[in-house]
1. Taking the range B:92-108 on its own, how many of its residues are assigned to a loop (DSSP other than H, G, I, E, B) and either open to solvent by less than 20 Å² (accessible area, probe 1.4 Å) or within 8 Å of chain A (Cβ to nearest Cβ) (or both)?
2. Which of the residues that make up the range A:137-184 are surrounded by fewer than 24 Cβ atoms within 10 Å (Cβ to Cβ) and closer than 18 Å to A:LEU254 by Cβ?
3. Please verify whether B:LEU64 is away from chain A (no Cβ under 13 Å), crowded, with 20+ Cβ neighbours inside 10 Å, at pLDDT 95 or above and under 20 Å from B:LEU151 (Cβ atoms), treating the condition exactly as stated.
4. Report yes if A:LEU205 is open to solvent by 30 Å² or more (accessible area, probe 1.4 Å) and without any contact (Cβ under 8 Å) to a residue 40 or more places away in the chain, otherwise no.
5. Report whether or not B:GLY140 is within 19 Å of the chain's Cα centre (by Cα) and not in a helix (DSSP H, G or I).
6. What is the residue count in the range B:155-206 for residues that are of a type in the set (Asp, Glu), within 14 Å of the chain's Cα centre (by Cα) and under 15 Å from B:THR44 (Cβ atoms)?
7. Can you tell me which residue in the range A:249-264 is nearest to the other protein chains (Cβ to nearest Cβ), limited to those that are under 10 Å from B:GLY52 (Cα atoms) and open to solvent by less than 30 Å² (accessible area, probe 1.4 Å)?
Amino acid sequence: MNRFVIFTKTIRDQRRGIFAWGISIAALVVVMALMWPTVRDMPDLKRLLSNYPEALRKIFKIDTYGTPAGYLNAELFSLILPAVFLVFSIGRGARLIAGEEEDHTLDVLLCAAPSRSRVAFEKAAALVVTVGALGGILFMTMLLSSWAIDMRLAIGDIARGTIAVTALSIEFGLLALAVGAISGRRSTAAGISTLIAAAAFVLYLLGQLITAFEPWRGLSPFTQALDHGPLGPEWSIGTIAMCACGAAVFAAALPRFTRRDIRT
Amino acid sequence: MTAAITTVGLSKQFGSTIALDHLDLAVPTGSVFGFLGPNGAGKTTTIRMLMGLARPSTGYATVLGLDATRDRDEVHRRVGYLPGDFTAYADLTGGEYLDYLGRLRADADPRRREELVDRLELDVSRTIRTLSRGNRQKVGLVQAFMHNPDLLVLDEPTSGLDPLMQRQFREIASAARAAGSTVFLSSHVLGEVEEIADTVAIVKEGRLVVVDALEHLKERARRHIELTFRDPPPASTFDSIPGVRDVTVLDHTIRLVIEGSMEAVFRAAAPLGVENVVADHAPLDEILIGYYESDSS
């Protein structure tokens, strides 16, 4: 019995995607890192930053902008990197089952595979590994940039930041995979996942700005990922919460996927 | 002998549309069974329920003695399936695709695969994207047959194949039956199954119209005949022959429709100096119409 055949093929299918997205992410990081010495040496940087509106100072953690970690958190890890990772992850997640169903390649696969849940499991594992690979590229680029530009970021801080962004996107990628497995429609899977991600991001923002929302902000995966950094020394159980939540959503979708009619 | 496929009151409803209405079928083990009907008759719906890709609304199907829904995984192991809209991964070569399915199926037989590839003259080194429709269909046929399944469920297997390859397919299917497999194939054209099918079922609008041995069905088949004579013939000669209808005369030519044996027509035509005869294959719809009319009478 050959194991992980579907997993292997799915990873193989993602090779080019990982390469292209990896290069883009690496370029983004390198460009922002190269600008750090100029920003650091700006006269009156502190005064300039203190003129920022209160809301932006909170959201982008402007108070730490003068440090390498604070600078990268504000410029990359608070918005752009999570967004890029989510687009990649949700896109892949939506495609893995629903995309095959829409392309009509799923019928033969399901009839040749040992079981439907096996197909779903191997696809989910491949998604986690694919997004993880992108996270690995981010980690390596951060490490090299930090060393080359003398930013002196701790390896642990970089790890905390990249793992947070990776776990966040794995969670929403698994959500997209789950919705695709239930609905069989790629657009539904991507649409619902994007909508929920946007709502979670809004909750994260409101939680920081409006006191009434503060008790609820912990529910947002963005809070779990981006609070205290994400580049920084403070590890939270947020990472585990994100992974567990993604796995739970996927597990909840399985019974429906194994029982429903496959679209023609 | 137990049946390879049994359906009992098998029905499928999509919203308010009844795609299949209480289908009762028994497909004998070791036979070639033609499942015929016009497009939209419920053939694909039936096949998808047999393969566990859709669940019956009511009723049930057993495949090789297994419940098609509950024992789906075991059914898949023992059945070769070709979907009606067979699609393979466009970016793989035929060989890579067959390798992939072969690795998924522990029991794929490499020698059998080679034999099928040779017989169908399939170039497995080409990317599936670059293959013609007929060649893609060949990939689908190879994957269905390559693990020597006990039962083959083939939805429109010859679609896209040229006549030579259709013949190859018929030989492959006949050989599979000779080796003990059962072949269940759907088609909307009788001509595609009549050379190999032992038994034929006809469905229309989700209902079973008839199940019969092909021999019996052919006897009842309607044919269009065109007879050309030396001199303009009298139409009345043919009007009175039992089974003949729709007689039209045009100059030296008579066109008519006949159901059953042609013997009486030729007896009548011979003394009138018949020069040419054209008889076409009865299209499936003609047989269906024949059955519907006899049902209502």
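The values are calculated or read from the model by the stated rules, or taken from the named source; none is laboratory data. Treat the numbers as computed from the prediction; the structure is a model and nothing was measured. Cβ sites come from the backbone with ideal geometry, for glycine too, and all protein chains shown count toward neighbours. Ligands, DNA and RNA are stripped out before the accessible areas are found, and what is left, the full protein with its side chains, is counted by its heavy atoms. Shrake-Rupley method; radii C 1.70, N 1.55, O 1.52, S 1.80 Å.
1. Of the residues in that region, 3 qualify.
2. Hits for the range A:137-184 are A:ILE182, A:SER183, A:GLY184.
3. Criteria met by B:LEU64.
4. no
5. No: the conditions fail for B:GLY140.
6. Selection size over the range B:155-206: 2.
7. Among those residues, the one meeting the criterion is A:ILE262.
Okay, residues lined up against (1) facing another protein chain (nearest Cβ under 10 Å); (2) open to solvent by less than 40 Å² (accessible area, probe 1.4 Å):
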{"site": "B:THR46", "(1), (2)": "no, yes"}
{"site": "B:THR58", "(1), (2)": "no, no"}
{"site": "B:ASP73", "(1), (2)": "yes, no"}
{"site": "B:HIS76", "(1), (2)": "yes, yes"}
{"site": "B:GLY84", "(1), (2)": "yes, yes"}
